[in-house]
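The values are calculated or read from the model by the stated rules, or taken from the named source; none is laboratory data. No experiment lies behind these values; they were computed from the predicted model shown. Cβ placement follows ideal geometry from the backbone for every residue including glycine, while neighbour counts extend to all protein chains displayed. The protein model used for the area step is the full one, side chains on, heavy atoms only, and it has no ligands, DNA or RNA in it. Shrake-Rupley method; radii C 1.70, N 1.55, O 1.52, S 1.80 Å.
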Amino acid sequence: MLAIIGGSGLTQLSTLEITHREVVRTPYGEPSGALTFGELSCTPVVFLARHGYGHTIPPHQVNYRANLWALKQVKASAVVSVASVGGIRTDFAPGTLVIPHQIIDYTWGRKSTFFEGAEESVRHIDFTEPYDAKLRQRLLAAAAAAGEHVFDGGVYAATQGPRLETAAEINRLERDGADLVGMTGMPEAALARELELPYAALSVVANYAAGRSASEHAIQFDSIELVLQEAMIRVRCVLEHLCKA
Ligand code: HPA
């Protein structure tokens, strides 16, 4: 069973034929909401809205551990994360879909491991390639089958939020080698690896990152919503093809 974690712009999967919902409790507290079970292209899927179904949980307060633990507990075999991002690279214009291949983590103060506490011994996971190669390839193939252009690869910078970045911070991220910036990619990806859940991301560029738009000096929030609405139609189409394959 595939798990889909939906971010801003994807709090529901309208094409999912819902069978039931389940509230899962975990040793790490409550997930962002009840898990929604159903079928997408006749394939079993479990969906979770990362920010809650009413979009009330900010990125730094998402209980990433509970979310991943709950998905593992209901026997999800892989996790696709859908999340909106800012485009740093000039060809990552609003509306672009990207399947990133690397991460730089700038977040702080988030619960970012299951391996702590009195009963858990310390473990260091390999994270050289933060995304699952096979799942990335499946996503790329699904996009091709859906006729949607997606960029294969990009370095994802995970920032703390909830505020957006300054122009100077974006310049720094670019010097570090980042191509796109979002607030929820970490510790989600690392926690999935700790649970040995194959994990890949489908990033949706909502806006040019701070200071990168040729015409605007500030990020325009009303246009973000429109961009995401349109892009999520394409994202749903890619996800349907992923389930069909
Ligand atoms: N920065 C960080 N996270 C984001 C952005 C951004 O510009 N756009 C959407 N998520």
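Is at least one residue of region 67-80 within 16 Å of the ligand (Cβ to nearest atom) and either in contact with a strand residue (DSSP E or B) (Cβ under 7 Å, 6 or more places away or on another chain) or assigned to a loop (DSSP other than H, G, I, E, B) (or both)?
no
Would you point out which residue out of Gln220, Gln160 is within 16 Å of the ligand (Cβ to nearest atom), open to solvent by 10 Å² or more (accessible area, probe 1.4 Å) and closer than 24 Å to Arg234 by Cβ?
Numbers: Gln160 fails: closer than 24 Å to Arg234 by Cβ.
The unique qualifying residue is Gln220.
Among the listed residues Tyr199, Tyr208, which satisfies the condition of being more than 14 Å from the ligand (Cβ to nearest atom) and surrounded by 17 or more Cβ atoms within 10 Å (Cβ to Cβ)? Working first, answer last.
Details: Tyr208 fails: more than 14 Å from the ligand (Cβ to nearest atom).
Just a single option satisfies the conditions, and that option is Tyr199.
Can you tell me how many residues in region 54-66 are open to solvent by 40 Å² or more (accessible area, probe 1.4 Å) and away from the ligand (no atom under 16 Å from the Cβ)?
3
Among the candidates Ala168, Ala190, Ala178, which residue alone is more than 9 Å from the ligand (Cβ to nearest atom), among the aliphatic types (A, V, I, L, M) and open to solvent by 20 Å² or more (accessible area, probe 1.4 Å)?
Ala168
Return the pairs, sorted by first residue and then second, in which the second residue is open to solvent by less than 20 Å² (accessible area, probe 1.4 Å) and not in a loop (DSSP other than H, G, I, E, B), the first residue lies in region 35-47 and is within 16 Å of Lys75 (Cβ to Cβ) and of a type in the set (Ser, Thr, Tyr), the beta carbons are less than 8 Å apart, and the residues are 6+ apart or on different chains.
That search, which allows pairs on different chains as well, returns Thr36/Val46; Thr36/Phe47; Thr36/Leu48; Thr43/Leu2; Thr43/Cys243.
Residue-wise test of (1) in contact with a Lys or Arg (Cβ under 9 Å, 6 or more places away or on another chain); (2) open to solvent by 10 Å² or more (accessible area, probe 1.4 Å).
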| position | (1), (2) |
| --- | --- |
| Met1 | yes, yes |
| Gly6 | yes, no |
| Gly9 | no, yes |
| Thr15 | yes, yes |
| Phe37 | yes, yes |
| Cys42 | yes, yes |
| Leu48 | no, no |
| Gly52 | no, no |
